[in-house]
Amino acid sequence: MSGAGELRRLRDVVAGDMAGADVAHDLGHLDRVAGLSARLAVREGLDGFVAAVAAYVHDHHRAAEARLGRVVAPAEVRDDARDALRRGGVAEQLWDPVLDAVEATGRYSFSEAASAPTADRIAACLHDADMLDAMGATGIARAFAYGGAIGEPLWDPATGVATGGYRSGPTGSVVAHFHEKLLRLRGELRTAAGREMGERRHAALEEFLRRFREEWVDAHGDSDGAPPRV
C-alpha cells in the first residue's frame, strides 16, 4: 500500500478537475468515498490504496455532466481520469486497474466474489462506499444540500412519491427522493463489510423519516398529505 503523500497529491489535482461538479459530488464527497473505499477494500483483503485512488477519480464524469448538460458514462471520460492519475503522480501500472474498476461501477454488473478479477472486487468496494455516502446522517445532509441547491421543497404532498422507483434528475421533493432511492440502497450493497455498515446507515434514514412524518403531522394537525410511513 502506497503512502498518504501520494494520495494527497492526487487529491490536489482532482480538486481542480471537480471544481464545476454539483454540491453532492464535491471534494468532500470524494474524501469520504476514498476513506470508505480503502476501509472496505482492506476488510475484503484488497489494496486500500488502489481503492482510494479509484475513489478520487470515480466522479470525473460528474464534472463532464456539469459542462455538457447531459448524462455522461465513466467510460467516456477515461482519458480525463487517466490524465488526472498522471498529473497526480500515480504509478502508471495502476492506471488501467483503477480505471477498469471505476468503469465497472458504472456497469453495475461486476462480481464481488473472491474469484472475480481484482478490478471487479475493487469496483464492489468503491460502489459500496459511494452508496454508503448517500445513506445515514451524511446521506441526509447531502440530500438536503443538493435539494436546496436545485430548489426542491422538503416535501410536496401534491407530487408525493413517484411510482416505479428512482429516475435520474430532480424529484418532487427531498423526502420523496428518500423513498424513491435512498431507502433502496441497502439492497444494492455488494460486500459483506459494506452491508454491515449499511445496516446502521439505513436505520438512520428510517429514523429521520419517522421523525419528519411525526413533525409534519404536528404542524398540519392530521396525517393528510404526510409522507409515507417507513
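When the chain is fully extended, how far beyond the present Cα-Cα distance does ARG229 get from LEU183, taking 0.36 nm per residue of separation?
15.4 nm
Kindly provide the helix-only [θ] at 222 nm of the chain, computed as the sum of -39,500 (n - 2.57) over DSSP H runs of four or more divided by all residues, to the nearest 500 deg cm²/dmol?
My calculation for the chain gives -19500 deg cm²/dmol from helical runs alone.
Rounded, prolate or oblate: pick one for region 159-210, where a ≥ b ≥ c are the square roots of the eigenvalues of its C-alpha gyration tensor, a/c under 1.5 means rounded, and failing that, prolate if a/b is larger than b/c, else oblate.
Oblate, because a/c is 1.5 or more while a/b does not exceed b/c.
Between ARG87 and GLU196, what's the calculated FRET efficiency when r is the beta-carbon distance and R0 is 35 Å? Round to 0.05.
0.45
Net charge near LEU132: determine it from the other residues with C-beta under 12 Å of the C-beta of LEU132, scoring Lys and Arg +1 and Asp and Glu -1.
With Lys, Arg at +1 and Asp, Glu at -1, the net is +2.
Which net charge results for the neighbourhood of PRO228, defined as the other residues with beta-carbon distances under 12 angstrom from its beta-carbon, given Lys and Arg at +1 and Asp and Glu at -1?
+1
Which whole-number percent is the relative contact order of region 1-107 (Cα, under 8 Å, 6+ apart)?
This gives 32 percent for region 1-107.
Sort region 1-146 into rounded, prolate or oblate with this rule: let a ≥ b ≥ c be the square roots of the eigenvalues of the Cα gyration tensor; rounded if a/c is under 1.5, and if a/c is not under 1.5, prolate when a/b is larger than b/c, oblate otherwise.
It is rounded, given that a/c, with a ≥ b ≥ c, falls under 1.5.
What is the sum of charges around PHE212, taking Lys and Arg as +1, Asp and Glu as -1, for the other residues whose C-beta is under 14 Å from the C-beta of PHE212?
-2
Read the figures in this text as sums done on the coordinates, not as results from a lab. Please read these numbers as outputs of a predicted model, since none were measured by experiment. Glycine also receives a Cβ, built like all others from the backbone with ideal geometry; neighbour counts cover every protein chain displayed.
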